[in-house]
Amino acid sequence: VSSAFSSDSSSGKPSPPVGVELLTPWPHAHLITSSDWDLVTVRTLLKTANHYFQTVFQTGSSSSCNPSDNHSVLTGHSVVNLFYEQSTRTRISFELAAKKLGATVINFEVSTSSVGKGESLEDTLSTLIAMGINAIVVRHASSGTPVLLHRQFGEAIHIINAGDGTHDHPTQGLLDLLTLFNAFELPLGTGTLQGKKVVIVGDILHSRVARSNLYFLNLLGATVHVVAPPALLPKNIEDLGCTAHHHLEKALQDADVVMGLRLQRERQSDQFVASLAEYTHFYGLTQDRLQRFCKPGVFIMHPGPVNRGVEMSSDLIDHPQSLITKQVRYGVAVRMAILSLCLSKPLTKS
Ligand code: CP
């Protein structure tokens, strides 16, 4: 697999995006699990993503791809969005990111594919590889799916994890980091989140977003607290680097950032909360609660989709301190960085 970076016509050498000076050569052909990426890797990714954000979104020319600004690095490459679970933000932002980089993008529709005839995930991937597809972006309800695919196919195709079961959602964790660094105006190459208290509230038990954020927030030095009703808080969650609470007001004390999570009823086989009304009464995030307990200027985050009025009140979602729309916008830039960097790394035998 050749380098995805555009060539510098004077030297013929690859011309990587800004950010890569932190880490040359870039080491990862895949994004399988958040914890595979160390601090230098994450800083490089954030710098590269921010470069894409500034050049694609801040210039007001979001539809343009200027080859001289390295935005056509994936011309000639093909990416399949292989989503076995529903998605709006992740799927569309990966599609947008790949297209902005010049790639051919194919959205695999499970409902109209041969999956309905009984074709396995492995045979589906073998079929895509036979067609010469360069990369897949995979979302699956089964935790660990990207690990298994990487083991079997990692020498043949780039694999990007877009969320696996309750295990991991690395691109969400990375876009949340970029959102926070820019909200706090921290330098991406050297800054840390030390001294920042981040409170994650909601269905921690079923949340891959919580697990990815626990890894990345700890890596950058934040202090993380998680809050949920007892049935939605895994017993060993503190092993992942956080303080666990059942009492919302206590957890919110002096928070710099509050991240709400959705009640994932599609993953809940039992009745984990007595009623939605009771959940909202004890754990719903409202302006009043944040004003009374958090630091002034606390930032509000949510990975989406949001159940308005359940885990978070509408006025909070649309509040000036809400970063929710920014999270979505940074998501495109982060996914551009992930695709351009990972596809620049030749596939090798591991
Ligand atoms: N945050 C997130 O993963 O949203 P989608 O399910 O819409 O992709």
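The values are calculated or read from the model by the stated rules, or taken from the named source; none is laboratory data. Predicted model only: the values in this text are computed from it and were never measured. All Cβ positions, even for glycine, are placed from backbone atoms using ideal geometry, and neighbour counts span all protein chains on display. Quick note on the areas: whole protein, heavy atoms, side chains included, nothing else; ligands and nucleic acids left out. Shrake-Rupley method; radii C 1.70, N 1.55, O 1.52, S 1.80 Å.
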- line: PHE299 fails exactly one of (1) within 16 Å of the ligand (Cβ to nearest atom); (2) under 21 Å from PHE57 (Cβ atoms); (3) hydrophobic (A, V, I, L, M, F, W, C), namely (1)
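Do you know which residues across region 249-307 are of a type in the set (Lys, Arg) and either closer than 14 Å to ILE200 by Cα or modelled with pLDDT of 95 or more (or both)? Before the answer, list the steps.
Step one: list which residues in region 249-307 are of a type in the set (Lys, Arg), which gives 250, 262, 265, 267, 289, 292, 295.
Answer for region 249-307, where residues must be of a type in the set (Lys, Arg) and either closer than 14 Å to ILE200 by Cα or modelled with pLDDT of 95 or more (or both): LYS250, ARG262, ARG289, ARG292, LYS295.
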message: Being β-branched (Val, Ile, Thr) and either within 12 Å of the chain's Cα centre (by Cα) or closer than 21 Å to GLY304 by Cα (or both) is the filter here; which residues of region 321-350 pass it?
response: ILE324, THR325, VAL328, VAL332, VAL334, ILE338
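Just name the residue that is nearest to LEU261 (Cα to Cα) out of those in region 274-320 that are under 21 Å from the mean Cα position of the chain (by Cα) and of a type in the set (Val, Ile, Thr). Break it down into steps so the answer makes sense when it comes.
Residues of region 274-320 that are under 21 Å from the mean Cα position of the chain (by Cα), as a first pass: 299-307, 311-312, 317.
Then keep just the ones that are of a type in the set (Val, Ile, Thr); that gives 300, 306, 317.
On the way: ILE300: 11, VAL306: 8, ILE317: 12 Å.
Here the residue is VAL306.
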Subset of region 205-220 [part of a loop (DSSP other than H, G, I, E, B) and open to solvent by less than 20 Å² (accessible area, probe 1.4 Å)]: HIS206, SER207, LEU220
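Within region 170-185, is there a residue that is farther than 30 Å from SER126 by Cα and among the charged types (D, E, K, R)? Lay out the reasoning, then the answer.
First, pick out the residues of region 170-185 that are farther than 30 Å from SER126 by Cα: 175-185.
Next, from what is left, pick out any that are among the charged types (D, E, K, R): 176, 185.
Yes, region 170-185 contains at least one residue that is farther than 30 Å from SER126 by Cα and among the charged types (D, E, K, R).
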- request: Filter region 302-315 down to residues that are in contact with a strand residue (DSSP E or B) (Cβ under 7 Å, 6 or more places away or on another chain) and within 15 Å of the ligand (Cβ to nearest atom), then give me how many there are.
  value: 4
- prompt: Which strands (runs of 3 or more DSSP E) does region 102-204 wholly contain that include 3 or more residues that are within 16 Å of the ligand (Cβ to nearest atom) and surrounded by 16 or more Cβ atoms within 10 Å (Cβ to Cβ)?
  reply: 135-140, 158-164
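Just name the residue that is surrounded by the fewest Cβ atoms within 10 Å (Cβ to Cβ) out of those in region 320-337 that are assigned to a helix (DSSP H, G or I) and more than 14 Å from the ligand (Cβ to nearest atom). Spell out how you get there, then give the answer.
If we filter region 320-337 for residues that are assigned to a helix (DSSP H, G or I), which is where we start, we get 324-337.
Filter once more, so that each one left must be more than 14 Å from the ligand (Cβ to nearest atom): 333, 336-337.
On the way: ALA333: 25, MET336: 29, ALA337: 30.
Checked region 320-337; the qualifying residue surrounded by the fewest Cβ atoms within 10 Å (Cβ to Cβ) is ALA333.
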message: Cβ-Cβ under 7 Å, sequence separation 6+ or interchain: first residue in region 187-214 and under 27 Å from LEU22 (Cα atoms) and among the hydroxyl-bearing types (Ser, Thr, Tyr), partner modelled with pLDDT of 95 or more and within 16 Å of the ligand (Cβ to nearest atom). Which pairs?
response: SER212/SER34; SER212/ASP168; SER212/HIS169; SER212/PRO170; SER212/GLN172; SER212/GLY173
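Listed here are the residues, each with its yes/no results for (1) open to solvent by less than 50 Å² (accessible area, probe 1.4 Å); (2) modelled with pLDDT under 95; (3) out of contact with any Lys or Arg (no Cβ under 7 Å at 6 or more places or on another chain); (4) not in a strand (DSSP E or B).
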position: THR24; (1), (2), (3), (4): no, yes, yes, yes
position: ARG43; (1), (2), (3), (4): yes, no, yes, yes
position: LYS47; (1), (2), (3), (4): no, no, yes, yes
position: HIS71; (1), (2), (3), (4): yes, yes, no, yes
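Considering only region 206-232, state which residues are farther than 21 Å from LEU290 by Cβ, among the aliphatic types (A, V, I, L, M) and at pLDDT 95 or above.
Let us first name the residues in region 206-232 that are farther than 21 Å from LEU290 by Cβ, namely 206, 208, 211-212, 214-216, 218-221, 230-231.
Those left that are additionally among the aliphatic types (A, V, I, L, M): 214, 219-220, 231.
Scanning region 206-232 gives LEU214, LEU219, LEU220.
Which residues, taken from region 125-154, are of a type outside the set (A, V, I, L, M, F, W, C) and over 21 Å from THR90 (Cα atoms)? Reasoning before the result, please.
From region 125-154, those of a type outside the set (A, V, I, L, M, F, W, C) are 126-127, 132, 134, 139-140, 142-146, 150-152, 154; that's our starting set.
Within region 125-154, SER126, THR127, GLY132, ARG151, GLN152, GLY154 meet the criteria.
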- prompt: Can you tell me how many residues in region 73-101 are within 15 Å of the ligand (Cβ to nearest atom) and either open to solvent by 40 Å² or more (accessible area, probe 1.4 Å) or without any contact (Cβ under 8 Å) to a residue 24 or more places away in the chain (or both)?
  reply: 8
